[in-house]
1. Would you pull out the residues with amide H under 5 Å of Val66's amide H, same chain only if 5 or more places away, H placed 1.01 Å from N?
2. Starting at the first residue of the range 85-98, write each ³J(HN,Hα) from the Karplus equation 6.51 cos²θ - 1.76 cosθ + 1.60 with θ = phi - 60°, in whole Hz, x for Gly and Pro.
3. With loop defined by DSSP as not H, G, I, E or B, and exposure as at most 14 other Cβ atoms within 10 Å, which is the longest segment of the chain clear of exposed GluC sites (Glu not before Pro)?
4. How much mean residue ellipticity at 222 nm does the chain get from its helices, if each DSSP H run of length 4 or more adds -39500 (n - 2.57) and you divide by all residues, to the nearest 500 deg cm²/dmol?
5. With the contact rule set at Cα under 8 Å and sequence spacing of 6 or more, what percent relative contact order holds for the chain?
6. Computed from these coordinates, which is Cα extents along the principal axes in Å: [x] 53, 37, 25; [y] 34, 32, 24; [z] 59, 41, 26?
7. Using a Förster distance of 30 angstrom, determine the FRET efficiency expected from the C-beta separation of Arg11 and Ser39, and round it to 0.05.
8. Pick out which of Ala100, Ala91, Ala44 has the largest mean-square fluctuation in a Gaussian network model of the chain, springs linking Cα atoms closer than 10 Å.
Amino acid sequence: MRVTEDHPTCRLRDVLDRVGDKWSVLVLNLLGDGPRRYSELQRAIEGISQRMLTLTLRSLERDGLVSRTVTPTSPPRVDYALTPVGETLSAQVAGLITWAEEHRPYVAASRRRYDAP
């Protein structure tokens, strides 16, 4: 069987690629606590560059998971929040984050054992 771009697996992979990348997971998790400004997100996500945060937010907005609200002040205030569909994903992401936090020591030890000569 030949898999083409319109095959269900390929269409599903497209969505999973968005919600499964590490930066998107972290942004979605933070926004699960409520709207945040760009600078708050950047401070809260260790290691993310300005460019990568911008690209991640734009992709999440494009996919309808995050909304962007500009308040006309000087300077303009920009807030990001989960959309209703983004909120349905937030609980799933929170569960994944919890699992990762709980099992991080186990995974780290397994990696050390595997990498040992």
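1. Glu61, Thr83
2. Each residue of the range 85-98 in turn: 5, x, 5, 5, 7, 4, 5, 5, 5, 4, x, 5, 4, 4 Hz.
3. Working: sites that count: Glu5, Glu46.
No qualifying site falls inside 47-117, the longest such stretch.
4. On the way: 5 runs with 75 residues, N = 117.
Value at 222 nm, helices only, nearest 500: -21000 deg cm²/dmol.
5. Working: 89 pairs, mean separation 28.4, N = 117.
24 percent.
6. Only one listed value fits the structure, namely [z].
7. Numbers: r = 35 Å, r/R0 = 1.18.
About 0.25, to the nearest 0.05.
8. Sorting by GNM fluctuation, first place goes to Ala100.
The values are calculated or read from the model by the stated rules, or taken from the named source; none is laboratory data. What you see is a predicted model, and the numbers here were worked out from it, not measured in a lab. Don't worry about glycine lacking a Cβ; one is built from the backbone with ideal geometry, like all the others, and counts go over all protein chains shown. Side chains included, ligands, DNA and RNA excluded: accessible areas come from the protein's heavy atoms. Shrake-Rupley method; radii C 1.70, N 1.55, O 1.52, S 1.80 Å.
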